[in-house]
Amino acid sequence: MNILVFVKRVPDTESRIRINQETRSVVEEGLNFVISPFDEYAVEEALRLREAKGGQVTAISVGPEEATSILKKCLAMGVDEAVLVKDSLKETYDGLRIAKMIAKTVEKRFPSFDLLLFGKQSVGADGSQVPAMVAELLGLPQANIVTKLEVEGSGGAARREIEGGMEKVVFSLPAVVSAQKGLNEPRYETLRGIMAAKKKVIPVVTLEELGLTGDDVAPRVEVVRMETPPARQAGRIIPGAPEEAAKDLARLLRTEAKVI
Amino acid sequence: MILVFIETREGKVKKSSLEALGEAKRRASELNQPVGAALVGADMDCLNPEIFSCGADTIFLLGNPQLASYSAQGYAIALDALAREIRPRAVFLAATAMGKDLAPRLAARLGVPLASDCTKVEVKDGDLEFTRPVFAGKAFLTVRLKGLPQLATLRPNVFPLAEKMETAGEVVKKNAAIPDGAIKGKVAEISKGEGGDIDVTEAEVIISGGRGMKGPENFALLKEISAIIPRSAVGASRSAVDSGWIGHQHQVGQTGKTVSPNLYIAVGISGAIQHLAGMSSSKVIVAINKDPEAPIFKAADYGIVGDLFQVLPAFREELAKLFA
């Protein structure tokens, strides 16, 4: 199997987010950047499929030069090759813009593949847009927010979460699949993997090389404002013995807060 | 026109789609535009009259036997063709599992950007502005979208339904043309989960357990309470999920789900930043924790400092009386 797995560099989930009001964007100074957690499930699934069926796994990131660090991590986890598609713009929150770059990269550089794997969303932009957009641009079937994946011959089946249950999606290959927590348990990098990753050269693809210029990659999401929400005020502690406090709580939620 | 995709499950219209329709109605009135509702499927006779009273002026029924079960490809083809024909100003979908799967596919097909999981829609200078949480609610982003139609998914349980109107409107039936072989993936089977019918993202009340629950068996306490409160669901912190006490679909927080219920009850949850991000837009927050220093109390409207195993049974009993 020839698998392409797409990863994004994001601030880790411990981060406190500060906003530069002038640029209407996140202050990156002092943030620790990591591979988006959902992408790790995608990388792990790609490696497991390769171990079961043979083939090749390539990790691809669209982003700044610094995204090489997460590609190194993918190499250390065991992917065969890694490629950076260099995009000098910071987060634009325009999923279609990124999806176009990915679709072009696939068409021009990796025309023969069986599976495109993504995380179900990037932590931060939280858009859940790119996988389905890439699927549409390339005319492929999709299965998103997947917690179980089976691939056999020329097709596959995926279990995905819906409200109050699960949906089984069947599809032909090649296909787009996005990973949800629960799909697997991502492995740690090995020391040998880390050493090998250090030596590996990560090719850089520019947007010009993909034939994307000007209008193709101009963001079409205009950020009007970016704000942190007002901090919540601590309310009151209901006094008394636990049983009494519990009863008071139920009554207050009915009569005062009017939420039940 | 503002067009709203109306999702149905087992023939029933999703409440979150009607919420999106309500928001479409309010914004469309400001823009002096009509509201359309689009349903997609094979059997288009089971029409729900609620759709008119919840804000639609016109209902479009897009039918094709190939659309009997959901496929993002098939549904996107049907909606794309309708949008190209009627040229709506905006298209709204509920940010449900189906809406999140379908909307980006439709956006790419129409060649327009998408605003995901919006919690606010406004009209400013004649243009639509969409506000949505990023970083699971640590920040809020307000955007304008270039290109028409302006496509957005709206978070469930945030937008009120339209005031009920006794209206009837036009019903337009259309055959959705699906080219042979265009659908390469579709839903083959749907199974009910153990989590109940309502997902945490749709629930009006969430009762969540964390490390303080001490073990998987104690989540039964939360499930019993959820069973008493209508439209409620059981949630969990990351540590409870990672300990294997409850399925990850219940996880609230930055690597789980971001929720905005009317009431969020955090039981035995200390309140790590990733968890707070995912639930701090709840209207009312309750914290039950034995540690008075737990950060969750700083975000809670009501708090009980005490042993949850003493608090929960009494709370359940009192709720049972209130809901009797």
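The values are calculated or read from the model by the stated rules, or taken from the named source; none is laboratory data. Everything quoted here is computed from the prediction, not taken from an experiment. Every residue, glycine as well, gets a Cβ built from its backbone with ideal geometry; the counts of neighbours run over all protein chains shown.
Just one of the numbered conditions (1) facing another protein chain (nearest Cβ under 9 Å); (2) in contact (Cβ under 8 Å) with a residue 24 or more places away in the chain is not true of A:Asn184: (1).
Looking only at strands (runs of 3 or more DSSP E) that fall completely inside region A:152-260, which ones have 2 or more residues that are surrounded by 15 or more Cβ atoms within 10 Å (Cβ to Cβ) and hydrophobic (A, V, I, L, M, F, W, C)? Even if it seems obvious, please write down each step before you answer.
Details: elements: A:155-162, A:165-172, A:175-179, A:204-206, A:221-227.
The qualifying strands (runs of 3 or more DSSP E) are A:155-162, A:165-172, A:175-179, A:221-227.
To keep it simple, each residue is scored yes or no on (1) of a type outside the set (S, T, N, Q); (2) more than 10 Å from every other protein chain (Cβ to nearest Cβ).
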position	(1), (2)
B:Ile178	yes, yes
B:Ile198	yes, no
B:Pro216	yes, yes
B:Ala233	yes, no
B:Gln254	no, no
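Which of the residues belonging to region B:281-290 are assigned to a strand (DSSP E or B) and either at positive phi or touching a residue at least 40 places away in the same chain (Cβ under 8 Å) (or both)?
The first filter runs over region B:281-290 and keeps only residues assigned to a strand (DSSP E or B), leaving B:284-289.
Answer for region B:281-290, where residues must be assigned to a strand (DSSP E or B) and either at positive phi or touching a residue at least 40 places away in the same chain (Cβ under 8 Å) (or both): just B:Asn289.
Scanning region B:291-317 for residues that are in a helix (DSSP H, G or I) and facing chain A (nearest Cβ under 7 Å), we see that the one that is farthest from B:Glu224 (Cα to Cα) is B:Lys298.
A:Pro37 meets the stated requirement of being closer than 18 Å to A:Leu117 by Cβ, surrounded by fewer than 24 Cβ atoms within 10 Å (Cβ to Cβ) and within 13 Å of chain B (Cβ to nearest Cβ).
Selection of region B:134-172 for residues being over 30 Å from B:Ala272 (Cβ atoms), more than 13 Å from chain A (Cβ to nearest Cβ) and of a type in the set (A, V, I, L, M) yields B:Leu161, B:Ala162, B:Met165, B:Ala168, B:Val171, B:Val172. Please determine whether any residue of region B:265-275 is facing chain A (nearest Cβ under 8 Å) and either within 13 Å of B:Met213 (Cα to Cα) or not in a loop (DSSP other than H, G, I, E, B) (or both). Yes, region B:265-275 has at least one match. Residues that are within 22 Å of B:Lys15 (Cβ to Cβ) and in contact (Cβ under 8 Å) with a residue 60 or more places away in the chain number at least 2 in the following strands (runs of 3 or more DSSP E) confined to region B:48-133: B:58-63, B:90-94.
For region A:215-222, the condition holds for no residue, the condition being that it is under 30 Å from B:Gly74 (Cβ atoms), at pLDDT below 95 and at the interface with chain B (Cβ under 8 Å from one of its Cβ atoms). Number of residues in region A:7-24 that are among the β-branched types (Val, Ile, Thr) and either facing another protein chain (nearest Cβ under 7 Å) or loosely packed, with under 13 Cβ neighbours inside 10 Å (or both): the value is 4.
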